[in-house]
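Shown next, in structure tokens, is the structure this report addresses.
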Amino acid sequence: MLEIKNLQVSINNKSILKGLNLSIKPGELHAIMGPNGSGKSTLANVLSGKGGYKISGKLNFEGKDLKEITIEERAKKGIFLAFQYPLEIPGVNTNIFLKTSLNSIRKARGEKEMDTLSFLKLLKEKSSELGIDENFLSRQLNVGFSGGEKKKNEILQMKILDPNFSILDETDSGLDIDALKVIANGVNSSRNKKKSFLVITHYQRLLNYIKPDFVHVLSDGKIVKSGCSELAEELEKTGYKKTN
Amino acid sequence: MTKQNININQDYKYGFITDIENIRAPKGLSEQSIKFISDIKKEPKWMLDWRLKAFERFKNLEEPNWQKPKYPKINYQDLYYYSAPKSLSDKPKSLDEVDPKLIETYNKLGIPLQEQKKLSGVAVDAVFDSISVATTYKDELTKKGIIFCSISEAIQKHSDLVKKYLGSVIPISDHYFATLNSAVFTDGSFVYIPPNVRCPMELSTYFRINASETGQFERTLIIADKGSYVSYLEGCTAPIRNEKQLHVANVELVALDDAEIKYSTVQNWYPGDKDGVGGIYNFVTKRGVCRGRNSKISWTQVETGSAITWKYPSCILQGDNSIGEFYSIAITNNHQKADTGTKMIHLGKNTKSKIISKGISAGKADNTYRGLVDIGRKALNSRNYTQCDSLLMGNKCGAHTIPYIKNKNSSSIAEHEATTSKINEEQLFYCNQRGLNQEESVSLIVNGFCKEVLQQLPMEFAVEAQKLVSISLEGSVG
């Protein structure tokens, strides 16, 4: 599904990713851990197409060179990024934003646009599945949301848009245990043979609830260690320093 | 509204090649041309005298130049102040002859074909759909005693009302442009709502017979008698023309005891092209007076067009407990300039005013909010709340907020809040990541920014305005 080879990324002449290799197959969940400043969020941004980076190396998604296509085309191809800091958009209702987003993605998939009634039904279903209070859906997008609400909203969007490849950028940071469970539940209930995930996190805590197929340690722009879920536990004990 | 084309700085030689089928006033501003206008409209003598009085005052007035957007000097003697509707044969025969760019815009706005023809000045048959519609409405309005006609018709048929109220809000000698309008106004709307009548529908120029050929110097007068209510919509769209055009209108509103007037404008005059060639100078005076107790006047404007917009729809809160509101969206793109805002003059006790202004600047445009809140000595316990938000797109545009606040008694409170923000790259990234393209994202963010104002518009208008907001900013973020 995703094939990254010798990915080099720099911003303002500062090299951030220095030859990263990663291959993710359909149905796999990969966790990327690493200290602050190791390039985790840059990887998430580059995969979703954010501008401002100088990129070289191979970056293929389902056989297509990602470097060639825009942010929204990637989204339409099924790449979803759960933001570390979800943005506030004043004056725009959460459910209207989601409906607009869903319909533009459905259109790209060649599906019919969803009418308001069916959309609200879907929204109700998914939010109750996640145990999310529906009330915040009629509020302005992320405006006045608590940190936990913002992150839950990201996972709800993921459930609604139903992407093939989801990147969770430190979605677990700053969450209490209940919110963490909501997030984990959202991911676990979406997992199947076709869907892949890249979960970026600082802590092993999330991985108690989400079982990764692979864990990678990112340090100074490179993956320095890969393993299965036990690696995460090991890291929690020894810290990142030892891996260098 | 668009055919009476006044050319500014038009070359003399070409200016004289007049189409014989056109009835035009003598060129330039003179007693003669004013008499010509009054004569051709078969106005009573008092009206002509009124115009001439305005002209006398005009001669002694100086053109103001305190506004932010500057413009080349206008030669007022080089204009035609009246040009009769061209005959049908002069108009484009079908939409094929109209600039395709304009048609594209109409299609984006979802304007029906018949209306497209009307807007772009295509000759249409006398049997025109909306005329029968208008007639039906007219019957219903007449039954309730509502008068809704052109100001020219009102001058002849309802001269007592016109005499009493015309110039009572914007006096003849008010200021340069208002006085010019008083001397040479050609047409406009007249509305009278009798006591305790709630006008059953939104009144708009579109539904008024004769509306298609209103002059560049419009005059509108709306009177809401005691306990009445009216909502009036004004939509302006102009075809693309290369020369600068001058549009000087006066709008007067009078609300008596317990009456309410809601006045909504969607202004989409031609803004000029990408390089600033052409476009309308939109210099308009709009003022309402809450003359009675508990009366209310609410202005809502969505200004997306014109090369220069220069106007301050204002409320004089004379009656005790009266309320004035001003909701505004001003969008400027490319080389457009806007200097707009409001004046809230509190005279009565317990008067309230609210100002919500949203300015959006893109390209090389310049957007100024200028507003006055004046709470008089006797306007005890009055309140004002002002919120001015500016949104910048790109780094070549400008936004300015110039509030004047005068509070002359200690029991009143004026609050002013202002923000300036740039359209946020991160917000755009977020929207893009959710599958929205650049234009959809900008439109979503900007419409969100404007929401408090858009909500004030009547439903159908709001939809059109939202689309206009998006269209006006197309290509502004690259």
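The values are calculated or read from the model by the stated rules, or taken from the named source; none is laboratory data. No experiment lies behind these values; they were computed from the predicted model shown. FYI the Cβ positions are ideal-geometry reconstructions off the backbone, even for glycines, and counts take in every protein chain you see.
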For this session: Looking only at the stretch A:106-115, count how many residues are away from chain B (no Cβ under 13 Å) and within 20 Å of the chain's Cα centre (by Cα).
Result: 0
Problem set entry | Scan of the stretch B:421-440 for residues that are free of Cβ contacts under 8 Å to residues at least 40 places away in the same chain and either under 27 Å from the mean Cα position of the chain (by Cα) or not in a helix (DSSP H, G or I) (or both), ordered by number | B:S421, B:K422, B:N424, B:R434, B:G435, B:L436, B:N437
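Report whether or not B:A418 is touching a strand residue (DSSP E or B) at 6+ places or on another chain (Cβ under 6 Å) and outside any strand (DSSP E or B).
Against the criterion (touching a strand residue (DSSP E or B) at 6+ places or on another chain (Cβ under 6 Å) and outside any strand (DSSP E or B)), B:A418 does not qualify.
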For this session: Kindly indicate whether any position in the stretch A:171-185 is touching a strand residue (DSSP E or B) at 6+ places or on another chain (Cβ under 6 Å) and either closer than 26 Å to A:G37 by Cβ or crowded, with 21+ Cβ neighbours inside 10 Å (or both).
Result: yes
For this session: Taking the residues in the stretch B:179-235 that are of a type in the set (F, W, Y) and modelled with pLDDT under 95 as candidates, determine which candidate is nearest to B:E153 (Cα to Cα).
Result: B:F190
Exercise. Looking at the stretch B:338-347, is at least one residue among the aliphatic types (A, V, I, L, M) and within 14 Å of chain A (Cβ to nearest Cβ)?
Worked result: no
For this session: Might you check whether a residue that is in a loop (DSSP other than H, G, I, E, B) and either at pLDDT below 90 or surrounded by fewer than 15 Cβ atoms within 10 Å (Cβ to Cβ) (or both) occurs anywhere in the stretch A:113-123?
Result: yes
Seminar exercise, completed: The strands (runs of 3 or more DSSP E) lying entirely within the stretch B:269-348 that contain at least 3 residues which are touching a residue at least 24 places away in the same chain (Cβ under 8 Å) and not hydrophobic (A, V, I, L, M, F, W, C) are B:279-290, B:296-303, B:323-332, B:337-346
Seminar exercise, completed: Filtering the stretch B:144-189 down to residues that are over 17 Å from B:K41 (Cβ atoms), among the aliphatic types (A, V, I, L, M) and in contact with a Ser or Thr (Cβ under 7 Å, 6 or more places away or on another chain) yields B:I170, B:I172, B:A178
Exercise. How many residues does the stretch A:20-75 hold that are under 26 Å from A:R191 (Cα atoms), more than 14 Å from every other protein chain (Cβ to nearest Cβ), surrounded by fewer than 18 Cβ atoms within 10 Å (Cβ to Cβ) and not small (G, A, S)?
Worked result: 7
Seminar exercise, completed: Within the stretch B:412-449, residues buried (at least 24 other Cβ atoms within 10 Å of the Cβ) and more than 7 Å from chain A (Cβ to nearest Cβ) come out as B:C431, B:S441, B:V442, B:V446
For this session: Only residues that are surrounded by 24 or more Cβ atoms within 10 Å (Cβ to Cβ) and either among the small types (G, A, S) or farther than 12 Å from B:V266 by Cβ (or both): list them for the stretch B:297-308, please.
Result: B:I297, B:W299, B:G305, B:S306, B:A307, B:I308
Exercise. Is it the case that A:S226 is within 14 Å of chain B (Cβ to nearest Cβ), of a type in the set (G, A, S) and not in a helix (DSSP H, G or I)?
Worked result: no
For this session: Go over the candidates A:S138, A:S118, A:S146 one by one and state the one that is over 30 Å from A:S23 (Cα atoms) and within 14 Å of chain B (Cβ to nearest Cβ).
Result: A:S138
Exercise. Applying the selection to the stretch A:76-105, what residues are within 9 Å of another protein chain (Cβ to nearest Cβ), charged (D, E, K, R) and out of contact with any Ser or Thr (no Cβ under 9 Å at 6 or more places or on another chain)?
Worked result: A:E88
Exercise. Quick check, is A:I167 part of a strand (DSSP E or B), of a type in the set (A, V, I, L, M, F, W, C) and within 14 Å of chain B (Cβ to nearest Cβ)?
Worked result: yes
Exercise. Conditions: (1) small (G, A, S); (2) under 25 Å from A:G49 (Cα atoms); (3) in contact (Cβ under 8 Å) with a residue 40 or more places away in the chain. A:G147 meets all but one. Number of the miss?
Worked result: (3)
For this session: Answer yes or no as to whether A:D162 is surrounded by fewer than 23 Cβ atoms within 10 Å (Cβ to Cβ) and more than 26 Å from A:K77 (Cβ to Cβ).
Result: no
For this session: Just need a number here: residues in the stretch B:450-462 that are assigned to a helix (DSSP H, G or I) and away from chain A (no Cβ under 14 Å).
Result: 3
Seminar exercise, completed: Screening B:N437, B:N424, B:N447 for residues that are under 14 Å from B:I331 (Cα atoms) and out of contact with any His (no Cβ under 6 Å at 6 or more places or on another chain) leaves only B:N447
For this session: Select from the stretch A:220-242 the residues that are surrounded by 19 or more Cβ atoms within 10 Å (Cβ to Cβ) and either in contact (Cβ under 8 Å) with a residue 60 or more places away in the chain or of a type in the set (S, T, N, Q) (or both) and list them in ascending order.
Result: A:G221, A:I223, A:A232, A:L235
Exercise. Looking at the stretch B:250-268, which of its residues are crowded, with 24+ Cβ neighbours inside 10 Å and not in a strand (DSSP E or B)?
Worked result: B:A259
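Which one of these is more than 20 Å from B:I308 (Cα to Cα) and surrounded by 15 or more Cβ atoms within 10 Å (Cβ to Cβ): B:N367, B:N384?
Being more than 20 Å from B:I308 (Cα to Cα) and surrounded by 15 or more Cβ atoms within 10 Å (Cβ to Cβ) holds for just one of B:N367, B:N384, which is B:N384.
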Exercise. Given the structure, is B:A255 at pLDDT 95 or above and in contact with an Asp or Glu (Cβ under 7 Å, 6 or more places away or on another chain)?
Worked result: no
For this session: Determine whether the stretch B:375-385 contains at least one residue that is basic (K, R) and closer than 20 Å to B:K286 by Cα.
Result: no
For this session: Please work out if B:I308 is more than 22 Å from B:E452 (Cα to Cα), modelled with pLDDT under 95, under 14 Å from the mean Cα position of the chain (by Cα) and of a type in the set (A, V, I, L, M, F, W, C).
Result: yes
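Any idea which of B:L380, B:L468 is hydrophobic (A, V, I, L, M, F, W, C) and part of a loop (DSSP other than H, G, I, E, B)?
B:L380
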Exercise. Which one of these is surrounded by fewer than 19 Cβ atoms within 10 Å (Cβ to Cβ) and closer than 27 Å to A:G91 by Cβ: A:R205, A:R139, A:R191?
Worked result: A:R139
